[in-house]
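Read through the structure below, which is laid out as structure tokens, and then see the notes.
The values are calculated or read from the model by the stated rules, or taken from the named source; none is laboratory data. Owing to the predicted nature of the structure, the values given are computational and were not obtained by experimental measurement. Virtual Cβ from ideal backbone geometry, glycine too; neighbours counted across all protein chains shown.
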Amino acid sequence: METLETKGVESAFLTLHISWGTFQPVRSKNLDEHIMHSEEYELSEESAGKINSARKEGRRVIPVGTTSLRVIEATFKDGTNIPGKGETDIFIYPPYEIKSVNGLITNFHTPRSTLLMLVSAFAGYDNIMNAYREAVTLKYRFYSYGDSMLIV
């Protein structure tokens, strides 16, 4: 983190108390029928301020992890992230257009997961499927402690 700071990267922290809802596979053929369980989040005044300043100054907002992206997107209203505590059941999947961030650092997710659908909404289904084919060919590690990717 210190190395990133010396290069001008600013960090902001937030919390999402993830539950089974994040990892529950989608079993519905129609995505509109999938119910995302509500999860508690907290976005502090300080972190919201840093995120909003970066966006206003034309700097990139790149969350680390899909859960961080969910909080940033769920608290994004009229071009600004609103600080506070609350709950979100936001389910992001194509053709949803993510408006709150410019990039994402995330690992490779399992098939039929809401997290794979979220990255597909962000980067485009075909782009993600191409990346996943490459990851399988190169024997990348999947799941929460696997290899990661930067999507910009």
Outside any helix (DSSP H, G or I) and under 20 Å from GLY103 (Cβ atoms): does that describe ILE62?
yes
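State which residue is farthest from THR67 (Cα to Cα) when the search covers only segment 8-41 and only residues that are in a loop (DSSP other than H, G, I, E, B) and charged (D, E, K, R). So that I can check it myself, show each step before the final result.
Quick first cut of segment 8-41, residues in a loop (DSSP other than H, G, I, E, B) only: 8-14, 18-19, 24-30, 34-38.
With charged (D, E, K, R) added as a condition, the list becomes 10, 27, 29.
Values: GLU10: 19, ARG27: 20, LYS29: 24 Å.
So, considering only residues that are in a loop (DSSP other than H, G, I, E, B) and charged (D, E, K, R), the one farthest from THR67 (Cα to Cα) is LYS29.
Just to be sure, is ARG133 loosely packed, with under 15 Cβ neighbours inside 10 Å and under 19 Å from LEU14 (Cα atoms)?
So ARG133 fails the test.
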It is to be established whether one or more residues within segment 41-48 are within 16 Å of the chain's Cα centre (by Cα) and at pLDDT below 85.
no
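Restricted to segment 1-46, and to residues that are touching a strand residue (DSSP E or B) at 6+ places or on another chain (Cβ under 8 Å) and among the hydroxyl-bearing types (Ser, Thr, Tyr), which residue is farthest from PHE76 (Cα to Cα)? Explain how you work it out, then say what you get.
Applying the first criterion (touching a strand residue (DSSP E or B) at 6+ places or on another chain (Cβ under 8 Å)) to segment 1-46 yields 14-19, 21-22, 38-43.
Retained after the next criterion (residues that are among the hydroxyl-bearing types (Ser, Thr, Tyr)): 15, 19, 22, 38, 41.
Numbers: THR15: 15, SER19: 22, THR22: 20, SER38: 17, TYR41: 13 Å.
Checked segment 1-46; the qualifying residue farthest from PHE76 (Cα to Cα) is SER19.
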Per-region count, segment 96-130, residues more than 16 Å from ILE62 (Cα to Cα), among the β-branched types (Val, Ile, Thr) and surrounded by 18 or more Cβ atoms within 10 Å (Cβ to Cβ)
2
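Restricting to segment 125-140, what's the tally of residues that are in a helix (DSSP H, G or I) and either touching a Pro at 6+ places or on another chain (Cβ under 6 Å) or in contact (Cβ under 8 Å) with a residue 24 or more places away in the chain (or both)? Before you say what the answer is, go through the steps one by one.
So in segment 125-140, the residues in a helix (DSSP H, G or I) come out as 125-137.
The next check asks that each one be either touching a Pro at 6+ places or on another chain (Cβ under 6 Å) or in contact (Cβ under 8 Å) with a residue 24 or more places away in the chain (or both); those that pass are 125, 132, 135.
Counting residues in segment 125-140 that are in a helix (DSSP H, G or I) and either touching a Pro at 6+ places or on another chain (Cβ under 6 Å) or in contact (Cβ under 8 Å) with a residue 24 or more places away in the chain (or both) gives 3.
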Within segment 96-107, identify whether any single residue is under 18 Å from MET36 (Cβ atoms), touching a helix residue (DSSP H, G or I) at 6+ places or on another chain (Cβ under 8 Å), assigned to a helix (DSSP H, G or I) and at pLDDT 90 or above, and answer yes or no.
no
Members of segment 120-150 found to be touching a strand residue (DSSP E or B) at 6+ places or on another chain (Cβ under 6 Å) and aliphatic (A, V, I, L, M), listed by number:
ALA123, LEU150
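Answer yes or no: is there a residue in segment 88-95 that is touching a residue at least 40 places away in the same chain (Cβ under 8 Å), in a helix (DSSP H, G or I), closer than 26 Å to ILE128 by Cβ and of a type in the set (S, T, N, Q). Spell out the reasoning first.
Looking only at segment 88-95, we keep the residues that are touching a residue at least 40 places away in the same chain (Cβ under 8 Å), and these are 88-91, 93.
Filter again for in a helix (DSSP H, G or I), leaving none.
No, segment 88-95 contains no residue that is touching a residue at least 40 places away in the same chain (Cβ under 8 Å), in a helix (DSSP H, G or I), closer than 26 Å to ILE128 by Cβ and of a type in the set (S, T, N, Q).
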Determine, yes or no, whether THR66 is closer than 23 Å to HIS37 by Cβ and crowded, with 18+ Cβ neighbours inside 10 Å.
yes
Does SER47 count as within 21 Å of ALA123 (Cα to Cα), buried (at least 18 other Cβ atoms within 10 Å of the Cβ) and touching a residue at least 12 places away in the same chain (Cβ under 8 Å)?
no
When you go through (1) within 16 Å of the chain's Cα centre (by Cα); (2) exposed (fewer than 11 other Cβ atoms within 10 Å of the Cβ) one by one for GLU33, which number turns out not to apply?
(1)
